[in-house]
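Working notes for the structure below.
The values are calculated or read from the model by the stated rules, or taken from the named source; none is laboratory data. Keep in mind it's a predicted model, so treat the numbers as computed, not measured. FYI the Cβ positions are ideal-geometry reconstructions off the backbone, even for glycines, and counts take in every protein chain you see.
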């Protein structure tokens, strides 16, 4: 049950603001921060997964989650020594909205009709661009121009592809469950709750890490949470708000800065 490739896509989104502003390639490596699990609870009666092995439950969970029209994803990761905090909603039509925090910096993200808008505070822009090795003499003018305003990134402009991936539900979930052979090592752990929803847990133990996948026991068997403890990429990701509309509106034009102002050679 892979989830780390998704974290890498989130990392790409977090630094795409710097990519967009100065056309510097984004790194892909990511590590995640640990999250506590809820206490065990009694399973619903009858157990919806009665008679199914852990691998079969995983199959159903992956299929259900990938069939969702939309969802909300929240999580905390540590990448390249930086704290990354994400909370956004995305649908299968390429629309998304939410926020991304990097250390003390914070930014809002919106995407609709192929156009991405990002509004970050000064810390967010400075941290993101510094992480890319952008010289200070290039950072300061960009920060002055875009802080407190929405950076508009059109199709084909720098950073648009990375941001488009995390705002594309199919792309975001593309790596989910690809490791079918790894499901043979799953065991069923104690039932518990995630945000009030009863879940069954599937546990995968490695030499230095444990991954716990929580699967909804009510309604469709969506994956509700993945928690990895130990190892070099611990972390947590929680999924919710399945199949709910993601309504996104473009910021007012007088509050935006077009990317072409930062990179005159980029088509508007």
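Remarks
- The set of residues from the range 197-222 being part of a loop (DSSP other than H, G, I, E, B) and under 14 Å from residue 239 (Cβ atoms) comprises 219, 220, 221, 222.
- Residue match in the range 242-249 (condition: surrounded by 21 or more Cβ atoms within 10 Å (Cβ to Cβ) and assigned to a strand (DSSP E or B)): no
- Pairs with Cβ under 7 Å, 6+ apart, first in the range 136-157 and within 24 Å of residue 95 (Cβ to Cβ), second at pLDDT 85 or above and in a loop (DSSP other than H, G, I, E, B): 150/251; 155/114
- Across the range 205-257, the number of residues qualifying as on the phi > 0 side of the Ramachandran plot and at pLDDT 90 or above comes to 3.
- Checking residue 129 against (1) more than 24 Å from residue 251 (Cα to Cα); (2) part of a helix (DSSP H, G or I); (3) at pLDDT 75 or above, the condition it does not meet: (1)
- Residues of the range 53-91 satisfying the condition of being surrounded by fewer than 16 Cβ atoms within 10 Å (Cβ to Cβ), in a loop (DSSP other than H, G, I, E, B) and at negative phi: 53, 67, 69
- Residue 195 being within 24 Å of the chain's Cα centre (by Cα), exposed (fewer than 15 other Cβ atoms within 10 Å of the Cβ), closer than 25 Å to residue 84 by Cβ and at pLDDT below 85: no
- Only one entry in 186, 151, 169, 202 is more than 30 Å from residue 223 (Cα to Cα) and at pLDDT 85 or above, namely 151.
- Test: residue in the range 1-8 that is in contact with a strand residue (DSSP E or B) (Cβ under 6 Å, 6 or more places away or on another chain), at pLDDT below 95 and over 20 Å from residue 201 (Cα atoms): yes
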